[in-house]
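Here's the structure we're looking at; comments come further down.
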Amino acid sequence: MSEQGLQDRITTVEPALILPERETDAKLATGVLDGEGRFVEDSRTWIRAGKATGVPQLSPGEPVKALSGRWLFGGHFRGHFGHFLVESTARLWALDRLKGQVDGILYLPFRARPRQTRQQIRDYEAFFRQLGVDVPIEVCDGAMRADRLYVPELGFGWLERYAGSPAYRALMRERFAHDVAPDGPEKLYVSRSRLAVARGGVLGETVIEENLARQGFEIFHPEKHPFEVQIARYKAARQIVGLDGSALHLAGFVAAPETRVAIILRRSKANVGDYQRQFRSFCGIELDVLDMISRDWVSIEVKRSDYRSIGELDFARLFMRLAELGYVAADFRPDLPEAAEILRLLDIFSKGRGETFTALG
């Protein structure tokens, strides 16, 4: 699918049979069937670049709840922030087009946990508020038949969809957090150093933090702040540096076109093209990509780098490149750790996870 293939299409299904993931059906078989029992293709959701949900089937004698009213199909709800942005907001562009025509948004629970999904939705109330969502949000906790269901095309997501559809880009650039004023310094380092060790990262991220702080960067831990504060920081910054991760996807919705953004890869197989596509399309920003990985450290049974990988960086090359690009002064001399200190940091990761790491390649 090309970026031009996103059409902002809405399929109206009357009546609609909505099927979440159930033990009686195939794994990850979810979506919508029309009144004739045909699968509505736009109800399919991608859970990563190469994997989509399957076509569900209603089992004989399976109970079906009645859902009166007019509903917007939201796809499945993901609690992880990055997946929430990429997958669970992808159909909300349709709210503008259907203003006054829907009674609520209906989400499917991911991995069939309705109670947890309801709590996750409450956790994101501030985000929905910034989007201007003013209708109830419900969770499909079993087979449901709705009088009318609007099924929007995915306006954002994996691969080419990171460019966003026209309506989705308008939602994020014109409506999202419209009332949040820029607030913060011009230089911002977006840190992962306080996330759980299971999330992956790099050895010695504090080396980056301490040196950039000497150059006037605020060291910002987004997960410690409300969404409004995160958005205000990204709007205000004119230089943003950070490891690849979910926080940069949020920055990609609101950063000013004149902002410079440097993304430091934390793993060799980082999906940097997705970030490039998003920032280019939403903000008109060309990312400065810094691939300074000297080794990927992974769990001993793992054969390739992934989101849990630990990157070992060539800090000398990193700061040399940051100086060349103008993020730090040309004559800046960073304080860098000895090789033994890097191995000590690896030992901390290993003990934190309770597993042994090995270097790829």
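The values are calculated or read from the model by the stated rules, or taken from the named source; none is laboratory data. This one's a predicted model, so the numbers in the text were calculated from it and none came from an experiment. Cβ sites come from the backbone with ideal geometry, for glycine too, and all protein chains shown count toward neighbours.
Tabulated results
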| item | result |
| --- | --- |
| Entirely in region 2-117, the strands (runs of 3 or more DSSP E) that have 2 or more residues that are loosely packed, with under 13 Cβ neighbours inside 10 Å and assigned by TED's automatic domain parsing to the domain that holds ASP147 | 65-77 |
| When residues of region 157-179 are limited to those that are of a type in the set (A, V, I, L, M) and farther than 20 Å from PHE128 by Cα, the one modelled with the lowest pLDDT | LEU159 |
| Residue within region 195-203 that is within 30 Å of SER299 (Cα to Cα) and among the basic types (Lys, Arg) present | yes |
| Test: residue in region 175-188 that is assigned to a helix (DSSP H, G or I) and of a type outside the set (Phe, Trp, Tyr) | yes |
| Some residue of region 120-132 being surrounded by 13 or more Cβ atoms within 10 Å (Cβ to Cβ) and within 23 Å of ALA29 (Cα to Cα) | yes |
| One residue from THR24, THR53 being farther than 28 Å from ALA167 by Cα and of a type in the set (S, T, N, Q) | THR24 |
| Filter pass, ALA330 being of a type in the set (Gly, Ala, Ser), out of contact with any strand residue (DSSP E or B) (no Cβ under 7 Å at 6 or more places or on another chain), over 27 Å from VAL180 (Cβ atoms) and part of a loop (DSSP other than H, G, I, E, B) | yes |
| Residue identified as surrounded by 19 or more Cβ atoms within 10 Å (Cβ to Cβ) and either of a type in the set (D, E, K, R) or touching an Asp or Glu at 6+ places or on another chain (Cβ under 7 Å) (or both) among ARG199, ARG161, ARG175, ARG194 | ARG161 |
| Residue check, ALA251 under 20 Å from the mean Cα position of the chain (by Cα), surrounded by fewer than 21 Cβ atoms within 10 Å (Cβ to Cβ), among the small types (Gly, Ala, Ser) and over 27 Å from ARG333 (Cβ atoms) | no |
| In region 152-188, the residues that are among the charged types (D, E, K, R) and under 16 Å from the mean Cα position of the chain (by Cα) | GLU160, ARG161, ARG169 |
| Some residue of region 279-296 being touching a helix residue (DSSP H, G or I) at 6+ places or on another chain (Cβ under 8 Å), touching a residue at least 60 places away in the same chain (Cβ under 8 Å), surrounded by 17 or more Cβ atoms within 10 Å (Cβ to Cβ) and within 27 Å of ARG214 (Cβ to Cβ) | no |
| Listing of helices (runs of 4 or more DSSP H) fully contained in region 213-319 that carry 3 or more residues being touching a strand residue (DSSP E or B) at 6+ places or on another chain (Cβ under 7 Å) and either assigned by TED's automatic domain parsing to the domain that holds VAL86 or at pLDDT 95 or above (or both) | none |
| Those residues of region 128-140 which are in a helix (DSSP H, G or I), closer than 24 Å to PRO20 by Cα and in contact (Cβ under 8 Å) with a residue 12 or more places away in the chain, in sequence order | none |
| Residues (aliphatic (A, V, I, L, M) and in a helix (DSSP H, G or I)) located in region 189-212 | VAL197, ALA198, VAL207, ILE208, LEU212 |
